Each structure stands twice: as structure tokens, then as C-alpha cells.
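Trainee: My structure is below; once you've seen it, I'll send some questions.
The values are calculated or read from the model by the stated rules, or taken from the named source; none is laboratory data. A quick note: this is a predicted structure, and the numbers were derived from the prediction, not measured. Cβ placement follows ideal geometry from the backbone for every residue including glycine, while neighbour counts extend to all protein chains displayed.
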Amino acid sequence: MMPTMPATDASSGLLCIEPNLRNPGGHYAEFVRALGIGAGPQGIDVFAHPDADPFLRRMAGVRIDGRAPRADRALAEWRAIDGCIAGQRLFLVLTADGRHTAVASLLSRTRGRPLSRARFYFHSMPTGLKATLLKLSRRAQREALAIAPTAGIAAQLRALGWRRVAYHPYPAIGPAPGPQPTQFRHLLMAGAARLNKGLDLIAPLLESWSAQGRSIPLVIQVSRKHVHRHGSREARLVESVLESGYPALRAEEGAPDRAEYSQRFSGALVLAPYERRRFADAVSGVVLDALLHGAPVIATRGTWPGAQVERFAAGVTLQARTVHSLSDAVDQILADWPAYSARACEAAAVLAREHDPAGLFRLLMQENQATG
């Protein structure tokens, strides 16, 4: 077991700040796991929710700073950032938006300390108030390093005035050894089903297939408990899925553990007809995981997931997000499954090299990065 390190000790290396990290099956945890492996013997320190302590302690290269409280996690996050600025500790805000950059700018002025050792990872461009605060973060824009997982997000940050911007692929680690082509097992909507991730197509697709007497196995994670955060329309779609009567449906409310999550990609055709506007530049961890595991994907053309699918011909992209188009895409891939499966496995080898987290760790540790 690696020792707990204090958040403000400048000699302790990189501190990764994410007090909302508490679930071992989510992409926060996968990011930390990959970065810990990429850090090698140097390792990383992680400021996370106390619930994350047991599984983080089992991750290679990860040391725990478990002082984040169960309540008032935002305040704890600001305090962790303040401690790093005061002690000039190298730190990374794992899921950054305008709130983090504005608070860091304010604390930097108050402390009279620079933000040259601050790193902010933007998984997507903030919207609403978070975007407004991002524009008001002048000191962070001048001194801190902004990291983007896509070239599009990097360009948007530069347009806002950020001087230090680096584009680096999202850190991820595929299975070892790499995947091999396999027989088709099931359709898979990996991760929690959401409206902007294709739930609006999956629900009517199941109704249509039920009426037609079709029975292709489908695994989907849907939970009634999440609809309170996402509105009545999502609630109706969840009910539609669960009451569709589709005979080959395997609906699960809870998130699988990491081993089960990875195993589901074997022989899977992954359904990712994501909303074009939301995912034009945003990385999908699910689609990246699918391709790293050799699973073909159906994605939306004009999105980051769609670009990866088209790059390797490892699936089909939808120009029109319709039930008919999605159904036809499923049939197209299943009719030539061995070829699609083989190309997805070829994509896995390339993506594993490109998304190697060791490169991101080196970037984070450099004191004077050139923008790129």
C-alpha cells in the first residue's frame, strides 16, 4: 500500500483533484487508473471522495489524499486548489470548467502566487455560467496549462485567449494482449443510457423490433433513479425501454464493475448514436473503450466518436439520427461481422499507442510546455 501524501507538499509530485470520484466503474476512475500506470514509479496523488479510498488503493501508481468530505465537496475542491497554489504544488483539475479557473485566478491573486504549476483538463467546452466564468479567468488564461483531448476543444480555448494550450489524446489503456476478432454476442449500449447518447433512438427501436418479432440480444444500463436529474422526457424513454416487451433485452440498473464492463465489449456491437451538437468535439470514453476492446461501433457522423469509426472503418456512422437508419446500420454490420470485427481490432492497436497515458503524464510534469 502506498502512503497518503499531503495535498500541499510541493515535493510530492502531481496531485489530481476530483472530489466527485467515488465509483470504481466510472470514467473518472478509468482516467486516474490510466494516469497512475502512465506515471510509472513517480506515481500520482489523488484527492477524491472518501468512498473511492478502497479501490484507489488497489491501483498501481496511485497514492491517496482522502481528505475530501462527503458533503461540501465543492468547497473542499477550492481548498485543495488553494493549498496547491500556496505551496506551489503541481496539480491537475481532472474535470475542469470555468468555476475552477475563476477560483484559481482569484486565489492566485489573493496569495500573490503564480498559476504556472496549475493544469486544467477540459473534457468538453463549458456552457452557460461555467462558460462565462471561463472567459473571466484572465490569470489562468495567461499562466496555467489547459489540456484538451481534441483539436477542436484546443482551438476554442485558444480563441478565448488561453496562452498555454496542449492537445493530447484522452488517457486510456486497452486490454493486454490486444483483442482478437470474435463472434457476435450482443448489441451493447455501454455506460448509463442518456438522452443525448441515443436513448431517444433506442427506445423506439425496441418498440419497432418487438412489433416485427425481431430478437437480437441487447444489453443496456438504464435506471429510473437517474431520471430525476434529466427530466420527464428521459423518464418516459426509460419506461418505454423497460416496458417494450422486447424479448432479448437485458436491462440493468447498476453500473458493472470494471472487469464486467470490459468483458461486455467482447463480441459486442456498440450503439453510440450520440447527439451531434453535444459530441461534435467531445471525447466519448465509451466509444474509445469499445474500439480499444475491438468492438465495432455505430456512431453519429460529425461527432468525435463518428470520426474514430470512419477513420478505421470499424463500424457505421449515421448521417440521419433516425430509428430506421440505426436499424439498417445494425443489419449492415451483422451481415459482414467478421470484417468489421477485424477492423475494430486493428483500430485497437493504433488507439492504444495514441492514447498511452505516459505521454500525458510527461506533458503534465513539464514546467514550460510549448502549446500544441
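Trainee: Take Phe31 and decide whether it is at pLDDT below 90, within 24 Å of His355 (Cα to Cα), assigned to a helix (DSSP H, G or I) and not hydroxyl-bearing (Ser, Thr, Tyr).
Mentor: Values: at pLDDT below 90: no; within 24 Å of His355 (Cα to Cα): yes; assigned to a helix (DSSP H, G or I): yes; not hydroxyl-bearing (Ser, Thr, Tyr): yes.
So Phe31 fails the test.
Trainee: Just give me the residues in segment 314-363 being of a type in the set (D, E, K, R), assigned to a helix (DSSP H, G or I) and either over 22 Å from the mean Cα position of the chain (by Cα) or within 23 Å of Gly267 (Cα to Cα) (or both), in sequence order.
Mentor: We begin by selecting, within segment 314-363, every residue of a type in the set (D, E, K, R); these are 321, 328, 331, 336, 343, 346, 353-354, 356, 362.
Retained after the next criterion (residues that are assigned to a helix (DSSP H, G or I)): 328, 331, 343, 346, 353-354, 362.
Within segment 314-363, Asp328, Asp331, Arg343, Glu346, Arg353 qualify.
Trainee: Here's a follow-up. Condition first: at pLDDT 95 or above and surrounded by fewer than 24 Cβ atoms within 10 Å (Cβ to Cβ). Now tell me which residues in segment 266-287 satisfy that.
Mentor: Selection gives Ser266, Gly267.
Trainee: Enumerate the strands (runs of 3 or more DSSP E) found wholly within segment 152-256, keeping only those where 1 or more residues are touching a Gly at 6+ places or on another chain (Cβ under 6 Å), touching a residue at least 40 places away in the same chain (Cβ under 8 Å) and surrounded by 19 or more Cβ atoms within 10 Å (Cβ to Cβ).
Mentor: On the way: elements: 165-167, 186-192, 218-221, 249-252.
Correct list: 165-167.
Trainee: State whether the residues of segment 132-146 include one that is of a type in the set (D, E, K, R) and outside any helix (DSSP H, G or I).
Mentor: First, pick out the residues of segment 132-146 that are of a type in the set (D, E, K, R): 135, 138-139, 142-143.
Next cut, outside any helix (DSSP H, G or I) only: none.
No, the conditions are met nowhere in segment 132-146.
Trainee: Continuing with this model, one more query. Consider only pairs whose beta carbons are under 9 Å apart and that are at least six residues apart or on different chains; among these, list those whose first residue lies in segment 264-284 and is closer than 14 Å to Gly315 by Cβ and whose second residue is at pLDDT below 90 and not in a loop (DSSP other than H, G, I, E, B).
Mentor: If the second residue must be at pLDDT below 90 and not in a loop (DSSP other than H, G, I, E, B), the pairs left are Phe265/Ala190; Ala268/Ala190; Val270/Ala190; Leu271/Ala190; Ala272/Ala190; Tyr274/Asn196; Ser284/Gly191.
Trainee: Suppose we filter segment 187-203 for residues that are over 23 Å from the mean Cα position of the chain (by Cα) and at pLDDT 95 or above; how many remain?
Mentor: 0
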